[in-house]
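Single-structure report; data block below.
Nothing in this text is a laboratory measurement; each read-out follows from the coordinates by a stated rule. None of these values were measured; they are calculated from a predicted model. Quick reminder, even Gly has a Cβ in these numbers, built from the backbone with ideal geometry, and neighbours come from all protein chains shown.
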C-alpha cells in the first residue's frame, strides 16, 4: 500500500448495515466510560483523577494514559459518527486488550452476582471482537467515512 492510499483506506467502507450496528453498539458502550474519565460523569473521577490513577497507581506513561482516555472519549464519538472508524476501533480495541490483562485472573464470566473479586474476560472479548470487525469492515452504512470514500 502506498502512503498516498493510506487516507482513503482508513475511510473505505461499504453500505452494509452490520458495521453500522457494530459501531453504534461499541460507541454507545465505550463513550460513557470515556465521559467518566474526561468529565467525571457517571461516577467517574474526571480527567485529573483518571490520569493520576493511570500514571501513579497503574504505572502507565502519561502519553499512554492520555491515549487511553482519548480512545474511550473521542473514539466513542468517532464510532457513533462513523468518522475515522478504523482508527477509533484500533484505539478502543487496544484499551480493551490492556484492560483484559488486568481482569484475566478473575476468570471468564462477568461478576453478575458479586461472588468474585472482579469482572471476568467475557465483556472484553466481545468489545475486542467488535473493534476488530470494525477495523476490517470500516464504518458501514450511514457513516461519515462513507462520505469521504468517494
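Structure notes:
- Degrees, to the nearest 10: 17-39 long Cα axis against longest axis of the chain: 40 degrees
- Helix 122-137 and the long axis of the chain differ in direction by around 20°, with both axes built from C-alpha atoms.
- Fully extending the segment from residue 42 to residue 97 would add 17.5 nm, taking 0.36 nm per residue of separation and subtracting the current Cα-Cα distance.
- Degrees separating the helix 62-81 axis from the principal Cα axis of the chain, which is the longest one: 50 degrees
- Annotation: peptides 51-57, 36-42, 74-80, ranked by per-residue average of other Cβ atoms within 10 Å with the highest first, follow the order 74-80, 36-42, 51-57.
- As a size descriptor, the averaged projected area of the C-alpha convex hull of segment 51-111 was calculated at 4.9 nm².
- Computed over segment 78-150, the Cα gyration tensor eigenvalues convert (square root of 5λ each) into semi-axes of 31, 10, 8 Å, ordered from largest to smallest.
- Helix-only [θ]222 nm of the chain, DSSP H runs n ≥ 4, -39500 (n - 2.57) each, per residue, nearest 500: -20500 deg cm²/dmol
- Length added when fully stretched, residue 10-residue 104, from 0.36 nm per residue minus Cα-Cα: 30.7 nm
- Based on the Kirkwood approach, the hydrodynamic radius assigned to segment 1-90 is 14.1 Å, with every pair of different Cα atoms included.
- Ascending count of other beta-carbon atoms within 10 Å, so fewest first, for 30, 125, 63, 69: 63, 125, 69, 30
- Segment 28-145 - convex hull of the alpha-carbon atoms, volume per residue in Å³: 110 Å³
- With the simple spin-label model, which puts each label point 7 Å out from Cα in the Cβ direction, the residue 125 to residue 67 separation comes to 2.7 nm.
- Multiplying the residue separation of residue 58 and residue 115 by 0.36 nm and subtracting their alpha-carbon distance yields 18.1 nm.
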